[in-house]
Protein chains: 2
Amino acid sequence: MTTEKKGKIMGGGNKFQEPVKTSRRRQVRKEKEEDEVNESFKSPNLEAERRRREKLHGRLMALRSHVPIVTNMTKASIVEDAITYIGELQKIVQNLTEKLHEMEETPLEIYEQQTVHTIKPEVEAIDLKVEMKKMGIEENVQFCKIGKRKFWLKITTEKRPGIFTKFMEVMCLLGFEIIDITLATSNGAIIICSSVQILQGLCDGDSVDPEQTKDFLLEVMRSNP
Amino acid sequence: MTTEKKGKIMGGGNKFQEPVKTSRRRQVRKEKEEDEVNESFKSPNLEAERRRREKLHGRLMALRSHVPIVTNMTKASIVEDAITYIGELQKIVQNLTEKLHEMEETPLEIYEQQTVHTIKPEVEAIDLKVEMKKMGIEENVQFCKIGKRKFWLKITTEKRPGIFTKFMEVMCLLGFEIIDITLATSNGAIIICSSVQILQGLCDGDSVDPEQTKDFLLEVMRSNP
DNA sequence: GGTTACACGTGATTC
DNA sequence: TGAATCACGTGTAAC
């Protein structure tokens, strides 16, 4: 007797009614309290519980729609896939951030040469500024790789007529395309900072030897026109 | 009678027993079938259902642990927060990818100066022009006098091979000496800002008609190389 | 027939 | 009180 009661009244799917929505899972929903047992005991939170279930179901479906790979349709699998996907996204974000960070602010290889040999490059840069102000001009060329095909260079030398034109000719000769450039003259000195890129179709960035290029630049800048 | 039966046998939380684990939510679990009603009908899937519930619960908790911001502890909220977090992560990834891509490889800018001919220059030039106009960049030349022998100029135009070299040639032809210059390229456009000075010995600044010079510059910049 | 997964209705509990 | 959430045990489909 009790079993019958239980089977009739308590939880458990009833007849399926709505058509299959997404997958092969059944869609169970009672029509209305029209089952044979009419002693319907109105639970106070029956409707609320239904809405809660629907809400959670909807959220899970939304979550599923936001995750590209779904191994299974089950609730646990949906959540599990979401977890792994979040992990992948976090990893991707981390990698991209690292890559971007190291690309835009830490040039890996810096080749620098100065006519007067000093020891520490950082100090050199500071000394250079001082030197410039004092009109004691030190020729200086820096050349470093900042991207696959991109390079960054800085040239400090004395200002001579046509030196910028010569610089442009050299860039043209080497097959470099000017991305951006800054030139300033002061007290008989000239400083050129520029990002350049190897022309497409010529070669890739690996075929450029930064040290050799730097030496060549220095030599050309030194030579009188 | 039926109500009593239902209340006793069917679903519903029992006495709470284990201590509160994570939050203020109650932890309900029956000790063993020691309730007054001993007519326990071993449902074949009772234990399985319990494991399933535990599994889903664990997954949800894991999901919650992977999401930094949690507005609420409820299941629906956990899933909802996960969805918004995934959206944010996807947006971040997209932004970072765009930034990285445009930083290390600019596919549109190709030739400059006297290039080796590889692909169709006309098509590329048109593309750049379109790109430039899409960004709302218009061809423009400004030229004004800022000193006795000094002038300031700004040129905005489409990026074409050799345009910077041509600019330098024109400056040389006009007898201008570069004081400082800034060049930047973006989206098929090129912008040049420069302070120039009339070469000493040539003439004074009054002999330069800014309007005429500007028109000449505009014309030269427009002409194909 | 055994296993898995789901929705269901309910009591308990917290706010 | 009342609304909201949860765990529970079960019936029932699908594999």
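Every number here is computed from the coordinates shown, using simple stated rules; none is lab data. Computed from a predicted structure; not experimentally measured. In this analysis, Cβ positions are derived from the backbone assuming ideal geometry, glycine residues included, and neighbour counts consider all displayed protein chains.
I need the full set of residues from region B:176-214 which are on the phi < 0 side of the Ramachandran plot, outside any strand (DSSP E or B) and under 39 Å from the mean Cα position of the chain (by Cα), in order please.
B:Lys214
How many residues does region B:79-92 contain that are buried (at least 17 other Cβ atoms within 10 Å of the Cβ), more than 16 Å from DNA strand C (Cβ to nearest atom) and either over 18 Å from A:Lys75 (Cβ atoms) or in contact (Cβ under 8 Å) with a residue 12 or more places away in the chain (or both)?
Here is the first cut: in region B:79-92, the ones buried (at least 17 other Cβ atoms within 10 Å of the Cβ) are B:79-83, B:85-86, B:89.
Cutting the leftovers down to more than 16 Å from DNA strand C (Cβ to nearest atom) gives us B:80-83, B:85-86, B:89.
Checking which are either over 18 Å from A:Lys75 (Cβ atoms) or in contact (Cβ under 8 Å) with a residue 12 or more places away in the chain (or both) leaves us with B:81-82, B:85, B:89.
The number of residues fulfilling the criteria is 4.
Which residues, taken from region B:171-222, are acidic (Asp, Glu) and either surrounded by 13 or more Cβ atoms within 10 Å (Cβ to Cβ) or in contact with a strand residue (DSSP E or B) (Cβ under 6 Å, 6 or more places away or on another chain) (or both)? Spell out the reasoning first.
Taking region B:171-222 and keeping what is acidic (Asp, Glu), we get B:177, B:180, B:204, B:206, B:209, B:211, B:215, B:219.
Hits for region B:171-222 are B:Glu177, B:Asp180, B:Asp215.
Filter region B:75-87 down to the residues that are more than 9 Å from chain A (Cβ to nearest Cβ) and more than 17 Å from A:Glu80 (Cβ to Cβ) and list them by number.
The answer is B:Thr84, and nothing else.
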